[in-house]
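Heads up, the thing below is written out as structure tokens.
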There are 2 protein chains.
Amino acid sequence: MERKLLLTVSIILNLVFTFHILYRNSTTWNPTWTSRAAIEAEDAASVSCSGHGRAYVDGIGLLEGKQPPCECNDCYTGKDCSILLSDCPVNANSGDPLFLEPFWMRQAESSAALVSGWHRMSYIYQDGTYMSEALETVIRKLHSVVGNAVTDNRFVIFGSGSTQLLAAAVHALSLTNSSSSPPARLLASIPYYAMYKEQAEFFDSVHLKFEGDAFVWKNSERDDNTTQVIEVVTSPNNPDGKLKRAVLDGPNVKTIHDYAYYWPYFSPITVPADEELSLFSLSKTTGHAGSRFGWGLVKDKSVYEKMKRYITLTSMGVSRTTQLHVLQLLNVVVRDGGENIFHFGHETLKKRWETLNKVFSRSTRFSLQKIKPEYCNYFKKVRDFTPAYAWVKCERPEDANCYEIFKEAKITGRDGKVFGTEESFVRLSLIRSQDDFDHLIDMLKKLVIVEGVEAHSI
Amino acid sequence: MERKLLLTVSIILNLVFTFHILYRNSTTWNPTWTSRAAIEAEDAASVSCSGHGRAYVDGIGLLEGKQPPCECNDCYTGKDCSILLSDCPVNANSGDPLFLEPFWMRQAESSAALVSGWHRMSYIYQDGTYMSEALETVIRKLHSVVGNAVTDNRFVIFGSGSTQLLAAAVHALSLTNSSSSPPARLLASIPYYAMYKEQAEFFDSVHLKFEGDAFVWKNSERDDNTTQVIEVVTSPNNPDGKLKRAVLDGPNVKTIHDYAYYWPYFSPITVPADEELSLFSLSKTTGHAGSRFGWGLVKDKSVYEKMKRYITLTSMGVSRTTQLHVLQLLNVVVRDGGENIFHFGHETLKKRWETLNKVFSRSTRFSLQKIKPEYCNYFKKVRDFTPAYAWVKCERPEDANCYEIFKEAKITGRDGKVFGTEESFVRLSLIRSQDDFDHLIDMLKKLVIVEGVEAHSI
């Protein structure tokens, strides 16, 4: 009787095992050639850096078989980034968009891309171009779900960041000048993003001269309605986050719209952009500054062709590996109509602005830019602007150099002068990592407390 | 008795199952967040395209859950690329380096790279630069194992293909001119790669003028030993594969060495390059033209800094995704001292040249470039040159336009004129896919047979 029971149990167990193995084999996928790369990526991702850093598969000093080292956030150190450096100055300078990093970590599965060793080795895609058709399609879809730009009757062009596209656009528009005529003037209204000036001055073309502020030009005698003029309109503006319109018009004026920041994170989407030449940057769309990817929407075919020629002669298009990665990322964004990422990013910035406003509300020495709320077609409600940067003014006459005041308080911003305006302004980046932001707030609080003490002691 | 046997068998089976499961669990890795990307990549790789095409994960018209479509080699069509188009012209124009694609397909496991959604989102690496230190290290190692360039006391700089670096180098060297002096002259000896001329003419800088042939300049009165001169030396040369030396020297001369083809596939490695400014291209190193990656070795710090500034203002460095992929590829190359890839690539080209020489040996109408064998420090023996291109001369006076003669025979080469020389030359690419090469040989045979018939009929 006992033996019979044992036999029955044993046979049942056999059946269970058999089912288990059959079931596993039918549903678990066995990785073959991709497994090495996958394991390495998972290994790197599993390195604990105390929430103050991360390890990458291409980390420095990585030895075969060893885990990659932690790369710590600013002011953190130690093997696992657990040590906070005391008295460490905070970097609020560059617009490194790491505020979106936590989003992509949560989307690990959907956003990963495996690049095979033989991925698109050719110079061209099947259609003979340097651009992935699949990627172009998802970019058009992205604008349609966000409602920030019209893509109908527009050519799409890719570049190594909007940096390359800006140079291409300026080049293309200045070429329309005949060789005997004076150089076209490049203008932007103050405060403006420094890159426009830097590029124009560095390339030093026969056909182009950076001329500075568009308002000054408009009110000067030199605005003769015949000199070729190119105005760059940054909207929302870098540094101050305001929606901007072109200052100049006329048959001699061409306009480039830099819409890098026209995403629901930073600004209400008031109307779909419908311009001649618009530029966008992945850096401020998904946070991938390091991927060096941007795109342009171009109405005029001949301008598009000239920009394409520029891209060909400077780099023969954007890396196909990068295009594959960007496709994967934007597919994640559009899948739910941007719901996840734009809410995450906007909520993060909203909270940061609340904290920031609270700190500055105690100050009379420093003031922040003010922008009236507007209706956002994306969030379907009236909302505040939550710009990528705080555009801070030092109000006291004795604080002439605002950048230096902050520098002394161990906060590195970006000098107002860089944006063509006065030294009484400084730009503070709010889109960096949470560590950087928290640190910035701590330092700002100290600065404002000092102000309070000073006021008290008078 | 029977029951006892059954029980024993059953228990043994249970033990086997138990071990099996335990063993599996301890040695088989269970992919988690990387599995989706890995499955997609393996799915795409498993699509059969009859050996005449391939499917990519970012294929056009890819619908979720469906396999990506085949992208067929030239002259093949059909859903699985099994149909050969009759009377199809062969493309022997561009230097698309697909001859190395089979190598990377065999190295599937070691060359795959998994890019996480949060991979290096920042503008900068940990050290504040735009360049992966790990990648720089492997590039130095690559030159050391191949013996084709000295990297000691050299700065390494990355670009979006050698295309961008060439523009950066020319810009940097022309800037040394004072603003009042006449523009620097850009020269190359004929036949030369057309990009040098095209870039200089397109950018139309105040500081630079393309002047054509270096020999003509040397023998002209304008070679006054004071005008700033930049000579580009392509060695092995594109189009003819010969090792080239600078034509000009003197205190007013700066030289850029384009070593894109200085790899054991194409040429004996006679000596490690030890120049002021050398450029290399991933396209001709591993065959990844689509990855748009190149690097330069620069001796002079101020030239390096100017080139860095150029790269910053045109693209803020090379995509970090691309740098990760390139690191993986070059790690595979250097792991065995280049043994596998250089033997594979060289053998492929050797066979192609044997076939080509055989076809042309029957012809008096067409001739190929001849280069004397030299000792190769990499293969440790005297070897023939196996250039990337056949540089074909049409010998008959009535065949004045060689490109057109080949075009009529349905072979698209590249016109000698493009390289600054006569129309009696045409360049045929030998580094494309095996299908393209086989097709080229078929068409060439027909052309040479016609010649035989014509000769016979005279």
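The values are calculated or read from the model by the stated rules, or taken from the named source; none is laboratory data. What you see is a predicted model; the values in this text were computed from it and never measured. Heads up, the Cβs are rebuilt from the backbone with ideal geometry, glycines too, and the neighbour counts pull from every protein chain shown. Quick note on the areas: whole protein, heavy atoms, side chains included, nothing else; ligands and nucleic acids left out. Shrake-Rupley method; radii C 1.70, N 1.55, O 1.52, S 1.80 Å.
(1) within 17 Å of the chain's Cα centre (by Cα); (2) more than 7 Å from every other protein chain (Cβ to nearest Cβ); (3) open to solvent by 10 Å² or more (accessible area, probe 1.4 Å); (4) touching a residue at least 40 places away in the same chain (Cβ under 8 Å): which one isn't true of A:Arg335, the others all being true? Against the list (1) within 17 Å of the chain's Cα centre (by Cα); (2) more than 7 Å from every other protein chain (Cβ to nearest Cβ); (3) open to solvent by 10 Å² or more (accessible area, probe 1.4 Å); (4) touching a residue at least 40 places away in the same chain (Cβ under 8 Å), A:Arg335 comes up short only on (1). For the range A:78-107, filtered to residues that are part of a strand (DSSP E or B) and more than 12 Å from every other protein chain (Cβ to nearest Cβ), the residue that is nearest to A:Ser429 (Cα to Cα) is A:Val90. Take the conditions (1) in contact with a strand residue (DSSP E or B) (Cβ under 6 Å, 6 or more places away or on another chain); (2) in the same structural domain as A:Pro397 (by TED's automatic domain parsing); A:Val359 misses just one of them, which is (1).
Among the residues making up the range A:144-162, those that are under 19 Å from A:His325 (Cα atoms) and either free of Cβ contacts under 8 Å to residues at least 12 places away in the same chain or not in a loop (DSSP other than H, G, I, E, B) (or both) are A:Val156, A:Ile157, A:Phe158, A:Gly159, A:Gly161, A:Ser162. Restricting B:Asn225, B:Asn177 to residues that are in a loop (DSSP other than H, G, I, E, B), at pLDDT below 95 and farther than 27 Å from A:Phe202 by Cβ narrows the list to B:Asn225. For A:Gly65, the requirement of being at pLDDT below 95, closer than 30 Å to B:Arg106 by Cβ, open to solvent by less than 70 Å² (accessible area, probe 1.4 Å) and not assigned by TED's automatic domain parsing to the domain that holds A:Lys446 is not met.
Counting only residues that are in contact (Cβ under 8 Å) with a residue 40 or more places away in the chain and either in a strand (DSSP E or B) or not assigned by TED's automatic domain parsing to the domain that holds B:Tyr403 (or both), the range B:419-454 holds 4 of them. Considered as a group, the residues in the range B:339-352 that are of a type outside the set (Val, Ile, Thr) and open to solvent by less than 20 Å² (accessible area, probe 1.4 Å) include one that is farthest from B:Thr286 (Cα to Cα), and that residue is B:Arg352.
Looking at A:Lys381, A:Lys393, which one is without any contact (Cβ under 8 Å) to a residue 12 or more places away in the chain and either open to solvent by less than 20 Å² (accessible area, probe 1.4 Å) or touching a strand residue (DSSP E or B) at 6+ places or on another chain (Cβ under 8 Å) (or both)?
Testing whether each residue is without any contact (Cβ under 8 Å) to a residue 12 or more places away in the chain and either open to solvent by less than 20 Å² (accessible area, probe 1.4 Å) or touching a strand residue (DSSP E or B) at 6+ places or on another chain (Cβ under 8 Å) (or both) leaves just A:Lys381.
For B:Tyr403, which of the numbered conditions (1) touching a residue at least 40 places away in the same chain (Cβ under 8 Å); (2) surrounded by 14 or more Cβ atoms within 10 Å (Cβ to Cβ); (3) touching an Asp or Glu at 6+ places or on another chain (Cβ under 7 Å) fails to hold? With (1) touching a residue at least 40 places away in the same chain (Cβ under 8 Å); (2) surrounded by 14 or more Cβ atoms within 10 Å (Cβ to Cβ); (3) touching an Asp or Glu at 6+ places or on another chain (Cβ under 7 Å) applied to B:Tyr403, the lone miss is (1).
Residues in the range B:111-140 that are within 7 Å of another protein chain (Cβ to nearest Cβ) and more than 25 Å from A:Ile341 (Cα to Cα): B:Ser111, B:Ala112, B:Ala113, B:Gln126, B:Ser132, B:Glu133, B:Ala134. If you go through the range A:185-237 and pick out every residue that is more than 14 Å from chain B (Cβ to nearest Cβ) and of a type in the set (Phe, Trp, Tyr), you end up with 3.
So that you can scan it fast, the table gives a plain yes or no per residue for (1) more than 10 Å from chain A (Cβ to nearest Cβ); (2) of a type in the set (Lys, Arg); (3) within 22 Å of A:Ser291 (Cβ to Cβ):
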| position | (1), (2), (3) |
| --- | --- |
| B:Leu277 | yes, no, no |
| B:Ser283 | no, no, yes |
| B:Thr286 | no, no, yes |
| B:Gly290 | no, no, yes |
| B:Lys301 | yes, yes, no |
| B:Thr314 | no, no, yes |
| B:Gln323 | no, no, yes |
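Among the residues of the range A:273-308 satisfying the criterion of being of a type in the set (D, E, K, R) and surrounded by 24 or more Cβ atoms within 10 Å (Cβ to Cβ), which is nearest to A:Gly161 (Cα to Cα)? Only one residue tops the list, namely A:Arg292. Scanning the range B:186-206 for residues that are at pLDDT below 95 and β-branched (Val, Ile, Thr) yields a single hit, B:Val206.
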